[in-house]
């Protein structure tokens, strides 16, 4: 986390030597001054926007999309056609150069009348000089500040350096408190960064969004925020909404149980493997287990366990798969198993319900909040209990049909349009709270 934006950090940290080098090149120096003047004029024109203006950090879309990235993408997608808000989207850097480019986003950005990607193309005389590029990029925060957005939105806990000292009401989404609930599952540098940056966010935020009542209650119990400062906005119906199921990856057997998620300590994969071994002892012809997700941190021992199970022939580890293949896996799974130790929301539960797959998951508060009666629950720390619930789903067809039907009905409570509307309402509330009182002259 501390090195999340290394390239952005590098361009911000210009030095006196850099400035001196630029001044020694009169042509580039004059061009830089003219360029910054043009940028400032464009920023000042943006101040005339009559709609609510929200500056959005879209840097999560420059990384392989996980839950946070998809959350942001779906929000933008469902707000793109609104005519009552202007979302100004800020990439990791807003000064673009063909010679010294920044990486492209990992997905094509949504588009529509409500969305504006804020970027400035460097003139050729500057674009060919790395010193000049870095010098101009030092002014990015000033350019963002001149846009005078009424609200700044941090979709992933914190504002980036690009928004340093930028005015506006801050709204941040807090997805979970894993660094407090399961600190052993995170790197020490990540823990320290989260603790420091979350304190900064909480001290400056007008309002906070949490993706579940569970996370709201955790924030209050740890005295990070008062309940009055928090607005709960659930996710919509999964990340694969509207996506047609594709063909399964090569080698996937006809019958299989499915787990989706990064293979890391918090996801409790070792317990899942132990559960599947118990299941194989109880059933004459158990389905294979398919793991969909990359290995994460602290996965050395788990890698050996997975390799052994693959060698025995009852497990297939796919790693990352495209979204259409993931949708196909969900739709054809005999059961989806989610034995996680901690979540802030639990998107795989929604994905399973959306695909019509029966769900067995951990008996933790947030998954009860999401799945309700549409899942069977078991202690994540008792593989034998999890194995018994999976066995019930695989051998009781009427139970299977009931869970699928309950999941379909439950899914109606999670809608991305509703998520977008509620998020916009939070932004409006934050903007109103920052307005000075009206002098009535009385």
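The values are calculated or read from the model by the stated rules, or taken from the named source; none is laboratory data. Since the model is a prediction, treat every value here as computed from it, not as a measurement. Every residue, glycine as well, gets a Cβ built from its backbone with ideal geometry; the counts of neighbours run over all protein chains shown.
Assigned to a helix (DSSP H, G or I), touching a helix residue (DSSP H, G or I) at 6+ places or on another chain (Cβ under 6 Å) and more than 18 Å from residue 349 (Cα to Cα), is that true of residue 207?
No.
Looking at (1) assigned to a helix (DSSP H, G or I); (2) crowded, with 17+ Cβ neighbours inside 10 Å; (3) in contact with a helix residue (DSSP H, G or I) (Cβ under 7 Å, 6 or more places away or on another chain), find the lone condition where residue 360 falls short.
Looking at each condition in turn, residue 360 falls short on (1).
Listed here are the residues, each with its yes/no results for (1) within 24 Å of residue 159 (Cβ to Cβ); (2) outside the structural domain of residue 152 (by TED's automatic domain parsing); (3) at pLDDT 90 or above.
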{"position": "23", "(1), (2), (3)": "no, no, no"}
{"position": "53", "(1), (2), (3)": "yes, no, yes"}
{"position": "57", "(1), (2), (3)": "yes, no, yes"}
{"position": "73", "(1), (2), (3)": "yes, no, yes"}
{"position": "82", "(1), (2), (3)": "yes, no, yes"}
{"position": "86", "(1), (2), (3)": "yes, no, yes"}
{"position": "100", "(1), (2), (3)": "no, no, no"}
{"position": "106", "(1), (2), (3)": "yes, no, no"}
{"position": "110", "(1), (2), (3)": "yes, no, yes"}
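Kindly check whether there is at least one residue in region 154-173 that is closer than 22 Å to residue 340 by Cα, out of contact with any helix residue (DSSP H, G or I) (no Cβ under 6 Å at 6 or more places or on another chain), crowded, with 21+ Cβ neighbours inside 10 Å and modelled with pLDDT of 90 or more.
yes
If residue 375 passes every condition in (1) crowded, with 23+ Cβ neighbours inside 10 Å; (2) out of contact with any strand residue (DSSP E or B) (no Cβ under 7 Å at 6 or more places or on another chain) but one, which one does it miss?
Only one criterion is unmet by residue 375, namely (2).
I'm trying to understand the selection: among the residues of region 216-225, which are at pLDDT below 95 and surrounded by fewer than 14 Cβ atoms within 10 Å (Cβ to Cβ)?
Within region 216-225, 222, 223 qualify.
Here is a check on your reading of the model: is residue 125 crowded, with 20+ Cβ neighbours inside 10 Å and outside the structural domain of residue 343 (by TED's automatic domain parsing)?
On the way: crowded, with 20+ Cβ neighbours inside 10 Å: no; outside the structural domain of residue 343 (by TED's automatic domain parsing): yes.
So residue 125 does not fit the description; no.
All but one of (1) crowded, with 17+ Cβ neighbours inside 10 Å; (2) in contact with a strand residue (DSSP E or B) (Cβ under 9 Å, 6 or more places away or on another chain); (3) within 24 Å of residue 349 (Cβ to Cβ) hold for residue 213; state the number of the condition that does not hold.
Only one criterion is unmet by residue 213, namely (1).
Looking for whichever is at positive phi, in contact with a helix residue (DSSP H, G or I) (Cβ under 9 Å, 6 or more places away or on another chain) and in contact (Cβ under 8 Å) with a residue 60 or more places away in the chain here; the options are 251, 246, 238. Which one fits?
238
If residue 341 satisfies every condition in (1) touching a strand residue (DSSP E or B) at 6+ places or on another chain (Cβ under 9 Å); (2) assigned to a loop (DSSP other than H, G, I, E, B); (3) more than 27 Å from residue 191 (Cβ to Cβ) but one, which is the exception?
Failed condition: (3).
Residue 140: more than 24 Å from residue 174 (Cα to Cα), modelled with pLDDT under 95 and under 27 Å from the mean Cα position of the chain (by Cα), yes or no?
Yes: the conditions hold for residue 140.
Determine whether region 232-252 contains at least one residue that is touching a strand residue (DSSP E or B) at 6+ places or on another chain (Cβ under 8 Å) and loosely packed, with under 14 Cβ neighbours inside 10 Å.
Checked against the condition, which is being touching a strand residue (DSSP E or B) at 6+ places or on another chain (Cβ under 8 Å) and loosely packed, with under 14 Cβ neighbours inside 10 Å, region 232-252 yields at least one hit.
Would you please list the contacts, defined by Cβ atoms under 6 Å and residues six or more apart or on different chains, that run from a residue in region 169-186 that is under 17 Å from residue 151 (Cβ atoms) and in the same structural domain as residue 204 (by TED's automatic domain parsing) to a residue that is in a helix (DSSP H, G or I) and modelled with pLDDT under 90?
Partner pairs satisfying both residue conditions: 169/434; 170/204; 172/201.
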